[in-house]
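Before any comments, here is the structure.
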Amino acid sequence: MKYWLVPLVILILCLLSILTLSSIAPTLAPKQLIFFMVGFGIFFLISRIPFRRLLKLSSIFYIVNIALLVTVLILAPITRGTSRWIDVGGLFAIQPSQLAIPTTSLFLINLFKNKSLTNIKNLFLFLFYTAIPGLLILIEPDLGTTVVYLVSVAVIIFLSKTKIRHLVPLIFLGIVGIIFSWNFVFQPYQKSRITSFISPTDNQGTSYNAQQSLIAAGSGKLTGKGLGQGIQSHLRFLPERQTDFVFASFAEEFGFIGSALLIFLYFVLVNTTISAAEKAHETTEKYFCYAVAIMTTFQIGVNIGMNIGILPITGITLPFISYGGSSILSLISMFGIIQSIRINQKQKVSLHLS
């Protein structure tokens, strides 16, 4: 097991992110670099903390994140119809919804490590703790993060071998929740993202974003137009080029070959995480590794899918490539925990051999 592989792949992804942002949004590249530097500090710090100790601290992480999510709804200014960020001294902003994914996953795994979710009481208690941050994120509203958050929780439920008859009411509640959110929570621009995907007729409205993204991704062809030569991103035809549509910006400048390299790096990262899950000695380690692997794969797939026009625009960013400090810190923290688990596995193997 190559223990340097995870930090190496993340480092390469970070460099690609800086390179891309320096071309399409030069003013954001230095900020992204600072986020990565802080993130790597957190990565190596967390990787040295035993996973069991992190689990013991998970209740504190969970409560602090809930407090931050409530603070967002009370104090954060409304930007583009949403309240997501807490300003810290005018230097940077924290997005607590991103941090809810690792903190809640750790908390749930620790709380129910010795409890069976086949027990209906335990299952609904699990859902109660899941719903608190989930609803707070949805109210902001932050559709993309809500979806990723629910995927990470769904993985834990699936791995716990919950009985199918218990999932039926959950599916019903999910459908009711979607209908309620559509009518009372979602902003008009969020609804238009889905309706425009189903019926892409508005060339100057929401469908315009998807069309420009598809043009950018396709125009890169085999080798790309070259760094700094992307027309769609540089002439601002491509909206949110640094976040939601960063893959299209990347594909335009680096082409199919560059995109294939990026996907290969993601494959290595996810495959290494799955390998850690398969070699895990503890159920808690296995659950966390699989949750991170599947959640990351989902996030990559949805972002690339919406960039090439096969999925609706959801606001889900591309891991380690899209601009955003909270997203980076959340992802790096999760993979720091994965690295902690892998180091622990190495130590146990060494003790066994000795």
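The values are calculated or read from the model by the stated rules, or taken from the named source; none is laboratory data. Note that this is a predicted model, so its numbers are computed, not measured. For neighbour counting, all protein chains shown are included, and Cβ atoms are generated from backbone atoms with ideal geometry for every residue, glycine included.
Observations on the model:
- Verdict on Gln242 being without any contact (Cβ under 8 Å) to a residue 40 or more places away in the chain and of a type in the set (S, T, N, Q): no
- Against the conditions (1) surrounded by fewer than 18 Cβ atoms within 10 Å (Cβ to Cβ); (2) assigned to a helix (DSSP H, G or I), Lys161 satisfies every one except (2).
- Those residues of segment 130-151 which are assigned to a helix (DSSP H, G or I) and over 24 Å from Lys286 (Cβ atoms), in sequence order: Ala131, Ile132, Leu135, Leu136, Ile137, Leu138, Ile139, Leu143, Gly144, Thr145, Thr146
- Check on Gly336, among the small types (Gly, Ala, Ser) and either out of contact with any Phe, Trp or Tyr (no Cβ under 9 Å at 6 or more places or on another chain) or at pLDDT below 95 (or both): no
- In the condition set (1) free of Cβ contacts under 8 Å to residues at least 40 places away in the same chain; (2) crowded, with 16+ Cβ neighbours inside 10 Å; (3) not charged (D, E, K, R), Ser58 is compliant with all but (1).
- Beta carbons closer than 8 Å, at least 6 apart along the sequence or on distinct chains, pair a first residue in segment 284-300 that is without any contact (Cβ under 8 Å) to a residue 40 or more places away in the chain with a second that is outside any helix (DSSP H, G or I) and surrounded by 22 or more Cβ atoms within 10 Å (Cβ to Cβ) for Thr296/Pro319; Ile300/Leu318; Ile300/Pro319.
- Scanning segment 314-344 for residues that are polar (S, T, N, Q) and more than 15 Å from the chain's Cα centre (by Cα) returns Gln339, Ser340, Asn344.
- Among residues of segment 264-276, those that are of a type outside the set (S, T, N, Q) and either in contact (Cβ under 8 Å) with a residue 40 or more places away in the chain or within 15 Å of Lys346 (Cβ to Cβ) (or both), counted: 5
- Segment 295-313, residues that are under 17 Å from Gln242 (Cβ atoms) and over 11 Å from the mean Cα position of the chain (by Cα): Ile304, Met306, Asn307, Ile313
- Candidate set: segment 226-251, residues that are among the β-branched types (Val, Ile, Thr) and under 20 Å from the mean Cα position of the chain (by Cα); chosen: the one modelled with the lowest pLDDT: Thr243
- The set of residues from segment 87-134 being in contact with a helix residue (DSSP H, G or I) (Cβ under 9 Å, 6 or more places away or on another chain), closer than 24 Å to Asp244 by Cα and hydrophobic (A, V, I, L, M, F, W, C) comprises Phe92, Ala93, Ile94, Leu99, Ala100, Ile101.
- Among the residues of segment 3-33, those identified as under 29 Å from Ala276 (Cα atoms) and touching a residue at least 60 places away in the same chain (Cβ under 8 Å) are Tyr3, Leu5, Val6, Pro7, Val9, Ile10, Ile12, Leu13, Cys14, Leu16, Ser17, Gln32.
This table checks each residue for (1) surrounded by 22 or more Cβ atoms within 10 Å (Cβ to Cβ); (2) among the β-branched types (Val, Ile, Thr); (3) in contact with a helix residue (DSSP H, G or I) (Cβ under 9 Å, 6 or more places away or on another chain).
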residue: Ile257; (1), (2), (3): no, yes, no
residue: Gln299; (1), (2), (3): yes, no, yes
residue: Pro312; (1), (2), (3): no, no, yes
residue: Ile328; (1), (2), (3): yes, yes, yes
residue: Ile343; (1), (2), (3): no, yes, yes
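- Qualifying residue in segment 313-329 (condition: without any contact (Cβ under 8 Å) to a residue 24 or more places away in the chain, at negative phi and outside any helix (DSSP H, G or I)): no
- Meets criteria (farther than 24 Å from Arg342 by Cβ, touching a His at 6+ places or on another chain (Cβ under 7 Å), surrounded by fewer than 20 Cβ atoms within 10 Å (Cβ to Cβ) and not basic (Lys, Arg)) for Ile94: no
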